[in-house]
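I have placed the structure first, in the form of structure tokens, so that the comments after it can refer back to it.
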Amino acid sequence: MARFDLDTVFNAPAGGDNRAEVFCEMGLMYATGRGCDIDLVSAHKWLNIAAIRGSERAALLRAELSSSMSKMELAKALREAREWMTTH
């Protein structure tokens, strides 16, 4: 991915970096096109994962982003987040 090394995120010690905030930043990266193309589905996916992992900020941003997405986009984002959570 653009600025994040996912292996570093997944292999961080339990008491180390706050993974939820890293996922939130990934969502913001996709939402704003910072270092990558804007992709609202990916943005929602990562914000959803961050919210599930405990980021209140991500939950608020996800809700805001949802209002500008179609039902099909939301369904795809939720499906991708669910798939990612089941494999990680």
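From the Kirkwood radius over Cα pairs of the range 6-87, Stokes-Einstein at 37 °C and 0.692 mPa s returns a whole-number translational diffusion coefficient of 260 µm²/s. Taking label points 7 Å from Cα along the Cα-to-Cβ direction, LEU74 and ASP39 give a separation of 2.2 nm.
Only the coordinates and a few stated rules stand behind these numbers; no lab work does. Worth saying up front: this structure is predicted, and the values here are computed from it rather than measured. Don't worry about glycine lacking a Cβ; one is built from the backbone with ideal geometry, like all the others, and counts go over all protein chains shown.
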